[in-house]
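A.B. asks: I have a structure I would like to understand better, so I am pasting it below and will then ask my questions one at a time.
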Amino acid sequence: MRVLINAESLLHPRSGIGTYTAELGQALAELNDPCEVFCLIGKSLVPAADLRGWLGEAGVEHDSNGLASLFYRIIDKAAFSYGIYQRLRNAGFHRRTRRLRDFDLYHEPNFVLRRFAGARTATVHDLSHRHHPEYHPAPRVAWLERHLIETLRTADRIITPSELVRQALIDEYVVDPGRVSAIPLGVSPDFKPAPAGQDAQILQRHGLRAGGYVLCVCTLEPRKNLDTLLDAWQRLPESLVRETPLVLVGGQGWHADDLVGRITALCRQGSVIWPGHVSQDCLPSLYRDAALFVYPSVYEGFGLPVLEAMASGLPVVAGRATPAEEFAAGCSKLVDTRDADALAGAIADALTDSDWRQQAAQRGRAVAASMSWNECARAHANAWREAAGR
């Protein structure tokens, strides 16, 4: 069976969907599976077996200042532009794929299916546009609500990253449970503990010391609840903040101007460090050398950074009643992250309880070891065969 993955998310600075697409494609190439998988990246048709080399040569970073990426960053700012942009993307995809007649199935990693003659599957990562529309531009919410319904109606199979999202699709959109598969994401083997001193050069570049900072990795946007994290951070004892500053890794997203202003002011005070977007090569080092990982997001479809932190040997503070609870319960502190006092208390307890940090880190590594991208890819391949009747 020949499978086509729409991998246009690899053309922009790497987001969560881009990471999912890249890791899935690379893992599929390593499976001893009869599925023959290709990734359509713009105008390039890249075999999954060659994806790792393509990423190394072209890279996500290389396009970050290009015209396509600039357009991608500004289309949310004007209501009329979003629909036009999506129609152009659909037309381009259809134009390129109508010449590819020997594919049995097309998989869309980014919610909404495009036109395609064969079997079609899609990954719906979350329903934040419905549960928290205030966290997205109105044009994006309207477009998703309209077109996701059509995708759910016509897809041969839907994939979600968690049981929480699967159940929400079944309950809220009345989707046949037999057509929805919950497939947990995996974690790259790059995220792992390392011998002391191995990351000294990278830490020095960012002005950090091993074990001397609290880490948060996410795009700066309303859904990530960073304002509450900063509220909590400012309630911690000054001595604790001085010893372990908060490091925010991630680029600026939608509606984040005020947040960036607040972060910049805290950076000048020395309690926060914001290196911005960090390359995939450096990210594992920043994970494993932190004292604690905090993920304050109020809504996620999965919460991949939490799993990456666990694999790196980090204790975690994250949100209760999120998909992270499906795999992080028992090896992290789960709190109501909308409550600044509760969040501050959990961070303070974690930083001052070395025994808990050690135990949580050990349990987290054990859980993360059972969640690989290879297992995720194998489950996708099985779902695709069922969708295509193979």
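A.B. asks: Please enumerate the residues belonging to segment 260-309 that are closer than 27 Å to E325 by Cα, over 16 Å from the mean Cα position of the chain (by Cα), part of a helix (DSSP H, G or I) and not polar (S, T, N, Q).
C.D. replies: L286, R288
A.B. asks: Count, please, the residues in segment 272-305 that happen to be touching an Asp or Glu at 6+ places or on another chain (Cβ under 6 Å) and among the acidic types (D, E).
C.D. replies: Residues meeting the conditions: 1.
A.B. asks: Starting from segment 267-286, keep only residues that are under 18 Å from A309 (Cβ atoms), then list their pairs with residues that are part of a helix (DSSP H, G or I) and β-branched (V, I, T) whose Cβ atoms are within a distance under 9 Å, requiring at least 6 positions of separation or different chains.
C.D. replies: Note: pairs meeting the criteria are Q280/T19; D281/I202; C282/I202; S285/I202; L286/I202.
A.B. asks: Let me ask something else about it. Taking segment 352-390 as the region of interest, how many residues are crowded, with 16+ Cβ neighbours inside 10 Å and of a type in the set (S, T, N, Q)?
C.D. replies: Going through segment 352-390 one residue at a time, the tally reaches 1.
A.B. asks: Among V278, V260, V317, which is among the β-branched types (V, I, T), within 30 Å of A200 (Cβ to Cβ) and surrounded by 23 or more Cβ atoms within 10 Å (Cβ to Cβ)?
C.D. replies: Matching residue, one of V278, V260, V317: V317.
A.B. asks: Within segment 346-357, track down each residue that is more than 16 Å from V306 (Cβ to Cβ) and touching a residue at least 12 places away in the same chain (Cβ under 8 Å).
C.D. replies: A348, D349, L351, T352, W356
A.B. asks: Given the structure, is L236 in a helix (DSSP H, G or I), surrounded by fewer than 24 Cβ atoms within 10 Å (Cβ to Cβ) and at pLDDT 95 or above?
C.D. replies: no
A.B. asks: Given D289, D341, which one is of a type in the set (D, E, K, R), more than 28 Å from A369 (Cβ to Cβ) and at pLDDT 95 or above?
C.D. replies: Result of the check over D289, D341: D341.
A.B. asks: Hey, could you check segment 201-221 for residues that are assigned to a loop (DSSP other than H, G, I, E, B) and in contact with a strand residue (DSSP E or B) (Cβ under 6 Å, 6 or more places away or on another chain) and say which is surrounded by the fewest Cβ atoms within 10 Å (Cβ to Cβ)?
C.D. replies: Result: H206.
A.B. asks: While we're on this one: Please work out if L230 is assigned by TED's automatic domain parsing to the domain that holds G211, over 30 Å from R166 (Cα atoms) and outside any loop (DSSP other than H, G, I, E, B).
C.D. replies: yes
A.B. asks: Just give me the residues in segment 296-319 being among the charged types (D, E, K, R) and modelled with pLDDT of 95 or more, in sequence order.
C.D. replies: Within segment 296-319, E308 is the sole residue that qualifies.
A.B. asks: Quick one: is G319 in contact (Cβ under 8 Å) with a residue 24 or more places away in the chain, under 21 Å from H129 (Cα atoms) and in contact with a helix residue (DSSP H, G or I) (Cβ under 7 Å, 6 or more places away or on another chain)?
C.D. replies: So G319 does not fit the description; no.
Conditions (1) outside the structural domain of L164 (by TED's automatic domain parsing); (2) modelled with pLDDT under 95; (3) touching a strand residue (DSSP E or B) at 6+ places or on another chain (Cβ under 9 Å), marked per residue:
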position: A324; (1), (2), (3): yes, yes, yes
position: C331; (1), (2), (3): yes, yes, yes
position: T337; (1), (2), (3): yes, no, yes
position: L351; (1), (2), (3): yes, no, yes
position: R363; (1), (2), (3): yes, no, no
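A.B. asks: Taking G197 as the residue in question, decide whether it is surrounded by fewer than 18 Cβ atoms within 10 Å (Cβ to Cβ) and either farther than 20 Å from A340 by Cα or outside the structural domain of L314 (by TED's automatic domain parsing) (or both).
C.D. replies: Spelling it out, G197 is indeed surrounded by fewer than 18 Cβ atoms within 10 Å (Cβ to Cβ) and either farther than 20 Å from A340 by Cα or outside the structural domain of L314 (by TED's automatic domain parsing) (or both).
The values are calculated or read from the model by the stated rules, or taken from the named source; none is laboratory data. Please read these numbers as outputs of a predicted model, since none were measured by experiment. In this analysis, Cβ positions are derived from the backbone assuming ideal geometry, glycine residues included, and neighbour counts consider all displayed protein chains.
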